[in-house]
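These notes are about the structure you will find just below.
The values are calculated or read from the model by the stated rules, or taken from the named source; none is laboratory data. Model, not experiment: these values are computed from the prediction. Cβ sites come from the backbone with ideal geometry, for glycine too, and all protein chains shown count toward neighbours.
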Amino acid sequence: MLHQQTMEVPTMSSPTNSRQSARGRTPSGLPNPVDVHVGVRIRQRRTLLGLSQGQLAEALGLTFQQVQKYERGANRVSASRLHDLSHALDVPVSFFFDAMADAVKAASPRAMAMAEFEPDPAGRDPLPDRDPLASREALELVRDYYAITNPAARAGVKSLARALARGFTVTTGAEE
């Protein structure tokens with residue numbers, strides 16, 4: 001008589017696999033914070049270079065929608081694509097991992113699989129508050145600042161920004 005042997009396959013809800021995520025996502029289904037960080041770094045560099053998503057996509061042989069997904073962390077970037085991105089954006093591959101917060105590192109798929117990552121019970125994003133320097137406005141401001149070729153003018157812009165940030169009133173000499 002043949003006995004049929006059954007084997008239990010762990011699922012996302014089974015206790016043996018409760019901390020692992022599907023395709024690199026967090027247990028709550030959010031994109032993995034490491035993938036989001038890499039996407040933010042792609043967007044930062046692309047913006048600093050003054051490239052549109054379409055221009056970067058063309059350089060990589062992709063659609064702009066794919067670049068959007070990479071930048072949001074919705075799609076993971078493969079090693080070969082990261083290599084292509086580093087060439088297209090003229091940075092070393094390590095650039096995409098620079099300035100990664102400890103909370104993000106702790107949310108890597110390896111860390112989650114080894115139970116080093118404690119998901120938020122409410123399913124909130126494990127990333128700390130977003131870096132204000134990662135905003136499009138800040139990136140464009142930095143790009144425009146460095147596009148000023150006159151050193152005296154650039155120093156003036158820097159002084160103006162510092163004065164405004166400290167709450168000083170700046171007068172231009174023009175009458176209203």
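Only residues that are outside any loop (DSSP other than H, G, I, E, B) and over 15 Å from the mean Cα position of the chain (by Cα) were counted in the range 50-81, giving 12. The number of residues in the range 71-89 being touching a Leu at 6+ places or on another chain (Cβ under 8 Å) and modelled with pLDDT under 95 comes to 1.
For every residue, the table says whether it meets (1) modelled with pLDDT of 70 or more; (2) outside the structural domain of Thr47 (by TED's automatic domain parsing); (3) surrounded by 14 or more Cβ atoms within 10 Å (Cβ to Cβ); (4) under 21 Å from the mean Cα position of the chain (by Cα).
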{"position": "Ala103", "(1), (2), (3), (4)": "yes, no, no, yes"}
{"position": "Ala106", "(1), (2), (3), (4)": "yes, no, yes, yes"}
{"position": "Ala115", "(1), (2), (3), (4)": "no, no, no, no"}
{"position": "Ala122", "(1), (2), (3), (4)": "no, no, no, no"}
{"position": "Glu140", "(1), (2), (3), (4)": "yes, yes, no, yes"}
{"position": "Asp144", "(1), (2), (3), (4)": "yes, yes, no, no"}
{"position": "Ala153", "(1), (2), (3), (4)": "yes, yes, no, no"}
{"position": "Leu164", "(1), (2), (3), (4)": "yes, yes, no, no"}
{"position": "Thr172", "(1), (2), (3), (4)": "no, yes, no, no"}
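The residues in the range 82-97 that are assigned to a loop (DSSP other than H, G, I, E, B), touching a helix residue (DSSP H, G or I) at 6+ places or on another chain (Cβ under 7 Å) and over 15 Å from Glu71 (Cα atoms) can be counted, and the count is 2.
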